[in-house]
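Visitor: Structure provided below as structure tokens; questions to follow.
The values are calculated or read from the model by the stated rules, or taken from the named source; none is laboratory data. Nothing here was measured: the structure is a model prediction, and the numbers come from that model. Neighbour counts are summed over all protein chains in view; Cβ atoms, including those assigned to glycine, are modelled from backbone coordinates with ideal geometry. Keep in mind that these areas ignore ligands, DNA and RNA; they rest on the heavy atoms of the full protein, side chains included. Shrake-Rupley method; radii C 1.70, N 1.55, O 1.52, S 1.80 Å.
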Amino acid sequence: MLTGRLLQVTCGDLNADGQIDVAGVTETGQVWYTLDRANWQNIPGQLKPPEWSGQSYDYLNQLRAKAGMVPLQQDPLLETAARNHAYYCGINGVTGHYEDENLPGFTGYSPSDRAVYVGHSFRSIGECIGSSNDDEKGASDGLMAAIYHRFGLFDLDTDIIGIAGYPGWFDGYFRSIFVYDMSNSLINALCMGQPYEGEGQHITGPCEPDIRIEADEYWAAKDEVAARNPELVIWPVDGDENVDPAFFEENPDPLPDYAVSGNPVSVQFNPSHIQHVGVQRFRLFNDETNAEILPTRLLDKVTDPNGRFSAHEFALFPLERLAWNTRYRAELAYSVEGTAQSKIWRFKTIDLGVPTYTVTGSGEVLTVAPGSKFAVYIPPTAEFPSWQQFHGTCHQMSLKSEGVDPNTIIFTVSTDSQGSCDLTLNGDRYFTIQVENN
């Protein structure tokens, strides 16, 4: 048994026996466990995950603050519910919002059931799950690029949250899963109070145990939380200099006919401030060339293929991913209560901080210096949306690679390299990295 809380885990073939191993470091010292994949889930009680939640709350609230939103308060019961589900997912190697009672770690079928299990009284729980992440920042950033989850983390009448993470095997990789459970503290307090005994309008169903709540109090509690947030929430925000250029996949999928697209630009109108809203025009431009980004697809309550958007939510998807290190301009023409208004804002995609080469895999030769570091971007196509099955054969060259996203790799050439590396991708695509001759 481990004698302290696990602070860090890593994985790989640590003892060259051909098996995947896991190394753990605890509060009481360095403790190594060598485990094969099949045995990992047989010892869940011995490996307690790190307490990710402190940094997770801070980072998520930094994102909300950028958008002008009020911070979410840490709730211990929701954190316990999130931790239980993260543990369930980690030890079973599964993702998703629903649990199987026949699997270990089961605490409830749905997010509502799991919240009730730990003592939360309001059954309305919003849950976001960031899977296959290295850390909590990556989980939050990934969720913010996925439009339904972005709207979940930016839900206007939510004010409390619990976040927890747990490591496990997901799709053949040892990663961490992060669970975000959210709710409304004011309605939860109503559920914990005395039932409404009057003759007026009332609501049943949202509480555990099921009690009657006066309708006016219920709606007032939702509106009070929402009213603390701004009339208009946009993302990416004006002046943001660190925007991910791409969106890949989400469940459910807002773009079922695309495996990769640009990061969506979204607008939420706050119904506690605005009753009737319409969007007449929503466009995106390269602010450096003034060229409009086309094609795009505008999702709203009518066009959302999964029926998740409300009448107050809109998202513009560039159907091709955006470029690295490029400034963009969003232009929105809309009406509020019948009055025409407009808004323009700008943001910039991430600067990788190294030279970036674009290759299609048609035999390009990149000439680089010994010791150099650079990025290679392989534009996605309908046939090959990512660089799966990446292999390399090197001659008198040592090359390290780091995946940035499914279309981008950062390479570092050793200082003593003199030759070349031939790199192949799925679909018989290939390119060569050649060290320049002095």
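Visitor: Near Ser310, within a Cβ-to-Cβ distance under 11 Å, what is the net charge of the other residues, with Lys and Arg +1 and Asp and Glu -1? Spell out each step's value before the answer.
Guide: Details: positive: Lys301, Arg308; negative: Asp155, Asp300, Asp304, Glu313.
Local net charge: -2.
Visitor: Here is a follow-up. Report relative contact order for segment 69-159 in percent, whole number only (criteria: Cα-Cα under 8 Å, sequence separation at least 6).
Guide: On the way: 88 pairs, mean separation 21.4, N = 91.
24 percent.
Visitor: My understanding is that a pair violates if its Cα-Cα distance is over 31 Å; which of Lys66/Lys400; Lys137/Lys222; Lys66/Lys301 do that in this structure?
Guide: Values: Lys66/Lys400 35 Å; Lys137/Lys222 29 Å; Lys66/Lys301 25 Å.
Flagged as over cut-off: Lys66/Lys400.
Visitor: Let me ask you something else. Using a Förster radius of 41 Å, what is the FRET efficiency between Asp253 and Ser414 based on their Cβ-Cβ separation? Nearest 0.05, please. Don't skip to the answer; put the middle values down first.
Guide: Working: r = 41 Å, r/R0 = 1.00.
Once the sixth-power term is evaluated, E becomes 0.50.
Visitor: To the nearest 0.05, how large is the calculated FRET efficiency for Thr303 and Ala369 if R₀ is 41 Å and r is the Cβ-Cβ distance? Can you show the working numbers first?
Guide: On the way: r = 49 Å, r/R0 = 1.20.
It comes to 0.25.
Visitor: How much length is gained if the chain between Ser398 and Arg327 is pulled fully straight, taking 0.36 nm per residue apart and subtracting their Cα-Cα distance, in nm to one decimal? Don't skip to the end; give the middle numbers.
Guide: Details: separation 71, 0.36 × 71 = 25.56 nm, distance 3.49 nm.
Between Ser398 and Arg327, full extension yields 22.1 nm more.
Visitor: List the relative contact order of segment 234-376 as a percent without decimals, with contacts defined as Cα pairs under 8 Å and 6+ residues apart. Intermediate values should be presented prior to the final figure.
Guide: Numbers: 274 pairs, mean separation 41.4, N = 143.
Averaging sequence separation for qualifying contacts and normalising by length gives 29 percent for segment 234-376.
Visitor: Given labels modelled 7 Å from the Cα in the Cβ direction, how far is it in nm from Ser335 to Met192?
Guide: With each label point 7 Å from Cα toward Cβ, the separation is 4.6 nm.
Visitor: Given a 1.4 angstrom probe, I'd like the percentage of the accessible area of segment 108-176 that is carbon and sulfur, rounded to a whole number.
Guide: Details: 910 of 2090 Å².
It is 44 percent, rounded to a whole number.
Visitor: Calculate the length of the line joining the C-alpha centroid of segment 278-297 to that of segment 364-438, in whole Å.
Guide: Using only Cα atoms, the two centres lie 33 Å from each other.
Visitor: Please compute the contact order of the chain in relative form: average sequence separation of alpha-carbon pairs under 8 Å and at least six residues apart, divided by the residue count, as a percent. Each step should come with its number before you reach the end.
Guide: Working: 954 pairs, mean separation 43.1, N = 438.
It rounds to 10 percent for the chain.
Visitor: Are there GluC sites (Glu not before Pro) in segment 214-247 that DSSP marks as loop and that have at most 15 other Cβ atoms within 10 Å, and which are they? Let's see the in-between values first.
Guide: Values: sites: Glu214, Glu217, Glu224, Glu231, Glu241; in loops: Glu231.
Here the GluC sites (Glu not before Pro) that fit, given the DSSP loop and packing criteria, are Glu231.
Visitor: Counting heavy atoms of the protein chains only and a 1.4 Å probe, report the per residue accessible area for the chain as a whole number of Å². Can you show the working numbers first?
Guide: Values: 20710 Å² over 438 residues.
Per residue, the chain has 47 Å² of solvent-accessible surface.
Visitor: Report the extension gain between Asp134 and Glu288 in nm, rounded to one decimal, defined as 0.36 nm multiplied by the number of residues separating them, less their alpha carbon distance. Present the calculation step by step, with values, prior to reporting the outcome.
Guide: Numbers: separation 154, 0.36 × 154 = 55.44 nm, distance 3.37 nm.
Separation in residues times 0.36 nm, less the Cα-Cα distance, equals 52.1 nm.
Visitor: Now a separate question. Quick one: dipole size for the chain, taken about the Cα centre, charges +1 on Lys/Arg Cβ and -1 on Asp/Glu Cβ, in debye to the nearest 20.
Guide: Values: 28 positive and 59 negative charges, 149 e Å.
Around 720 debye, computed over the chain.
Visitor: Can you give the local net charge around Gly363? Use residues other than it whose beta-carbon is closer than 11 angstrom to its beta-carbon, Lys and Arg +1, Asp and Glu -1. Present the calculation step by step, with values, prior to reporting the outcome.
Guide: Details: positive: Arg429; negative: Glu364, Asp422, Asp428.
Net of charged neighbours comes to -2.
Visitor: Where in segment 84-123 is the amide nitrogen less than 20 Å from a point lying 7 Å along the Cα-to-Cβ axis of Asp210?
Guide: Correct set: 108-123.
Visitor: Now, a different point. Mind checking the angle between helix 76-92 and the chain's longest principal axis? C-alpha axes, 0 to 90 degrees, to the nearest 10.
Guide: 40 degrees
Visitor: Please give the length that would be gained between Thr356 and Asn102 if that part of the chain were fully extended, namely 0.36 nm times their separation in residues minus their C-alpha to C-alpha distance (nm, one decimal). Walk me through the intermediate numbers first.
Guide: Numbers: separation 254, 0.36 × 254 = 91.44 nm, distance 4.91 nm.
Going from the current span to full extension adds 86.5 nm.
Visitor: Using DSSP to call loops (not H, G, I, E or B), can you name the GluC sites (Glu not before Pro) in segment 345-432 whose Cβ has at most 12 other Cβ atoms within 10 angstrom?
Guide: Listed in order of number, the matching sites are Glu383.
Visitor: If I model a spin label as a point 7 Å beyond the Cα along the Cα-Cβ vector, how far apart are those points for Trp345 and Glu383 in nm?
Guide: 4.0 nm
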